[in-house]
Amino acid sequence: MPKVNCSRAGRVRRFLFALLAFSVIGASALAQVPGQVSYQGRVLMNGTNFTGNGQFKFALVNNNGTVTFWSNNGTSVAGSQPSAAVTLPVANGLVMTLLGDTTLANMTTIPVSVFANADVRLRVWFDGGAGFQQLTPDQRIVSVGYAMRAETVPDGSITSAKLAPGAVTSNALANPLVVGSSTVNGRLDVYRTSVGTPAITLNGSANQISTYGDDGLEQTRLWGPSYGELLLFNSLANNATAVNLTAQGSTGGRLTLNNTNGSSRAILEGENTGGLLTLYTADGNTGAILYGNEGSGSGALSLRNTNGSSRFRAYGGPAAGSMSILNAAGQETVDINSEPSGIVVVRNAAGSTRSYMTAGGSQGGEIRNYEEDGTLTTIIHNVSDAGVVSMRNSAGLETVYLWGRNTAGQTGGQIGLKNSSGVETITLNADSAGDGKITTQVLQITGGSDLSENFEINSDKAAIEPGMIVSIDPKNVGELVLCKQAFDKKVAGIVSGAGGVKTGMLMGQAGTKADGKHPVALTGRVYCWVDADASGPVEAGDLITTSNTPGHGMRVGESTRASGAIIGKAMSSLEKGKGLVLVLVSLQ
């Protein structure tokens, strides 16, 4: 047989409704109490919570059910079943409605006069699809229904004798809903979540307001036992605190953001000495700190390594910005400062300066480098509106300089090399009266062994190769041709580069007749093509002259004819045929 069970929670809610209704009457003498009573119940069908639309009939009767004071459509007599029902939704066995709510079909208002009777009971009939059955027992109406008679209290009937001393105060009048008292902790629970627990709790003993999710887990908490604090919880199974906003009196306000496990990952604090933002790594170590006041009234930033130790610092003052970079041991190895002008200092592990750069030198920017023992080794700066690089030896004496101007004050560059006594022994001047100039006591060339000049060499058919002998071209001023006759007194030199021996010094002047495509050795050692069949085998020490073989020389056999046609002396031998012979060029 279906029945309605009114749970303790349902009775608490009906009491709360009555209390709220009474409070409204107390707030205004003109308020009208509605002819309605809140009804909540539980419907079971064969021991199972009923869900769906149910048909209900209601009647208010006396204690033995023989007199009807009211019914939902006004047709009940002597406790009988009304002729029409009220359709109400039932969810998971729970049903709730307002008896006397005329917005519902087949529902009439409840007259106040009903509660002039001392014992009024609610009789309910229910039809869940198997016909109407009366639910037993009848439920007695207690304080809720009788609150409807509040508006019938005669004026002046409540005297001071009816009220306890101090029961009505100015605070009570300003706040009509009071839960608890000065000696009793108040608590107010507002239901309900999907699991049947409170959705909102006002807890006087904990100075706390909490809200709960549909799963019954706390989601927000606002409380203040000693200072205000707001907690926001995540929606995971651990229900960990995700956000904590607190107004701590000693340090100021604080906002803490946590990860899914409730571990702090960011903390923002309103410190009395200045704001502070701390960020944490995944393992909980400090990763970065942003200071509103680093101690001198300016902002600062500190970046940490994996162990939480500071490795980078940036300061906004006190007068100018600066940065410091620290090594693995925590020592400052790089400093960048903007006061009075930009400065960069690089230090070694012992903290000694090894490189120094500033934008505020005596004549402009300056860079200084130091040896490990502290000796100044390099200076890059500006002197007389020109850049200067000065390099020092271990004694601190300048041995190399690079200038953006030369000693004559011209705009060409100059490089100077000095000996151990500081005396300049080599000077490279890029603008000596418009020409480049090298000044030194000794010039050693290690890339080749001859002195050559560039010439244009004319040849009808024969290819011009290194080692070939050339002579003056009478038809073209300043140019040469391959030698084609023996004892040619116009002989000029040997094309340099044969036999792997390169030109040692090459001269010429671009854009003039003293220029050309081929280096021709005029003196020095150079390999030369020789025809040993033209005048016999060649031995070291023999004089070499031109031959009838184009570009080839031969041994001088007839010295009287060779005068003025000698190219040099052989320094190697050739028995027969054509081949290369090393020749010491010496025109005679």
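The values are calculated or read from the model by the stated rules, or taken from the named source; none is laboratory data. Values in this document were obtained by computation on a predicted structure and should not be read as measured data. Positions of Cβ are backbone-derived with ideal geometry, glycine not excepted, and every protein chain shown enters the neighbour counts. Calculation scope for accessible area: heavy atoms of the full protein, side chains included, ligands and nucleic acids excluded. Shrake-Rupley method; radii C 1.70, N 1.55, O 1.52, S 1.80 Å.
What to note about this one:
- Calculated FRET value between residue 332 and residue 419, using beta carbons and R₀ = 56 Å, to 0.05: 0.90
- Rg(Cα) / (2.2 N^0.38 Å) computed for segment 353-495, rounded to two decimals: 1.71
- Rounded percent of accessible protein surface that carbon and sulfur make up, segment 498-588, 1.4 Å probe: 51
- The per residue volume of the convex hull around the alpha-carbon atoms of segment 415-473 is 161 Å³.
- Counting every alpha-carbon pair across the chain, the share separated by more than 30 Å comes to 76%.
- Rounded to the nearest 10 degrees, the angle from helix 8-27 to the longest Cα principal axis of the chain is 80 degrees.
- Listed cross-link partners 484/513; 489/569; 475/578; 517/576; 461/490 are compared with a 27 Å cut-off, the Cα-Cα value being larger for 475/578; 517/576.
- Per residue, in Å², the accessible surface of the chain once ligands and nucleic acids are set aside, probe 1.4 Å: 54
- Heavy atoms of residue 421 accessible to a 1.4 Å probe, total area in Å² rounded to 10: 90
- Carbon/sulfur fraction of accessible area - segment 222-332, other protein chains in place, 1.4 Å, %: 57
- Note on segment 259-407: Kirkwood hydrodynamic radius from all Cα pairs is 18.2 Å, rounded to one decimal.
- Restricting the GluC sites (Glu not before Pro) of segment 364-442 to loop positions (DSSP other than H, G, I, E, B) with no more than 12 neighbouring Cβ atoms within 10 Å leaves 372.
- Here segment 533-588 is treated as a Stokes sphere of Kirkwood radius computed over C-alpha pairs; at 37 °C and 0.692 mPa s its diffusion coefficient rounds to 299 µm²/s.
- Cα centre as origin, Lys/Arg/Asp/Glu Cβ charges: segment 319-375 dipole, Debye: 80
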